[in-house]
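S.K.: Following this message is one structure expressed as structure tokens.
The values are calculated or read from the model by the stated rules, or taken from the named source; none is laboratory data. Just so it is clear, the structure is predicted and the values come from calculations on it, not from any experiment. Positions of Cβ are backbone-derived with ideal geometry, glycine not excepted, and every protein chain shown enters the neighbour counts.
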Amino acid sequence: MVIKKEDHTNLIIGIVCVNLATFVWATNMALGRWLKDDIGPLSLSAGRFIVASFFFALLLRHLPPKERRIGEDRWPLIAMAITGTALFSPVLYFGLHYTTAVNSTIINALSPLLTGIVAGWLIRERLSVRQATGAITGLIGVVILISGGPVVFRLTASLNIGDLIVFVAVIIWAFYSVFASKVMRHRSSFSATALSTFIGTPFLCLFAVSEIMSVSPNLGLKTVLSIIYLGIFPAAIGFYAWNKGVKLLGPGRAAIFVNTLPLYGAALGFIFLDESIGPEHLIGGALIVCGGIMAAKNGGKRLNPD
């Protein structure tokens, strides 16, 4: 198959977008751990999406009126809001109360396969052999990266309720990616991300109120500045970059790059926390990158960039 220059450019832009998203989400995980004694996970999620909503509101004014209104695709937009903004973060945080980071990372590595299945069901985007091979390659890379060796599958404990909850969160994210792909057939990725954030944030705030009633947050300067960063970068820029990548690559191919999260986490730990980098990080990282590129180079025409 001959790949047009325009399609090749879109492929590169799509790969850069989804990697930007997973990189800023890796910083989100590090900051979330840093703030765990100052603010609850639901309050933190609500705070960052409130900041993201203001950020989107400032920029949305420059788009055409059609892009600023909820049109005939209101139901897929609402589905994006419920799955991506209101449900995913709280369900994932709740699951992490009962399982380990290692278990949750391995379960998250199933995201590409689950997204491919959901995409095939809802929008008839079939999971190709190359996509499946890339997903499995990336999954093997994640296991090597976090387990310390290529043959050890260190699920540190038997499966528990937390693993099941994290698995539900991964399914929710798969639906979010597919709903986003459907919405972006009719509007820009920025409009889809902004409007779904506006719709979903009030639901998330309701969850946060119940948490604040039992655990009061410590809103010091550290916490406030962190929430502003989390709102602008992981929430606003991260979700926008992810959705633009989904638009260019399709939900199945974009989902392969979820596996870069632990790779970027390890790199950030090495740079900022003086954590060591061993052979398992290099081998696992190489497999993750190869799996993503293998799946992303799958044929098929995607939508043009905004």
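S.K.: Give region 26-76 a look and list any residue that's among the β-branched types (V, I, T) and over 15 Å from L225 (Cα atoms), or say none.
M.R.: Passing the criteria: only I70.
S.K.: Let me spell it out: the conditions are (1) modelled with pLDDT of 80 or more; (2) surrounded by fewer than 20 Cβ atoms within 10 Å (Cβ to Cβ); (3) part of a helix (DSSP H, G or I), and H62 meets all of them except one. Which number is the exception?
M.R.: (3)
S.K.: Taking interchain pairs and intrachain pairs at least six residues apart, which have beta carbon atoms under 7 angstrom, with the first residue in region 51-76 and under 12 Å from A192 (Cα atoms) and the second surrounded by 12 or more Cβ atoms within 10 Å (Cβ to Cβ) and of a type in the set (A, V, I, L, M)?
M.R.: Within 7 Å, the pairs are F56/A194; F56/A236; L60/A194; R68/L60; I70/L77; I70/L195; D73/V183; P76/V183.
S.K.: Further question on the same structure: Need the failing condition index for V24 against (1) buried (at least 20 other Cβ atoms within 10 Å of the Cβ); (2) β-branched (V, I, T); (3) outside any helix (DSSP H, G or I), just the number.
M.R.: With (1) buried (at least 20 other Cβ atoms within 10 Å of the Cβ); (2) β-branched (V, I, T); (3) outside any helix (DSSP H, G or I) applied to V24, the lone miss is (3).
S.K.: Can we say F54 is crowded, with 20+ Cβ neighbours inside 10 Å, among the aromatic types (F, W, Y) and modelled with pLDDT of 85 or more?
M.R.: Here the answer is no, as F54 does not meet what is asked.
S.K.: Okay, next question. Among the residues that make up region 226-235, is at least one of them outside any helix (DSSP H, G or I) and modelled with pLDDT under 90?
M.R.: no
S.K.: Going by the structure shown, is I78 within 22 Å of E211 (Cα to Cα), part of a helix (DSSP H, G or I), among the β-branched types (V, I, T) and at pLDDT 80 or above?
M.R.: no
S.K.: Just give me the residues in region 168-180 being among the small types (G, A, S) and in contact with a Leu (Cβ under 9 Å, 6 or more places away or on another chain), in sequence order.
M.R.: Residues satisfying the conditions are A169, A174.
S.K.: Would you say G200 is within 15 Å of the chain's Cα centre (by Cα) and either in contact (Cβ under 8 Å) with a residue 24 or more places away in the chain or part of a helix (DSSP H, G or I) (or both)?
M.R.: no
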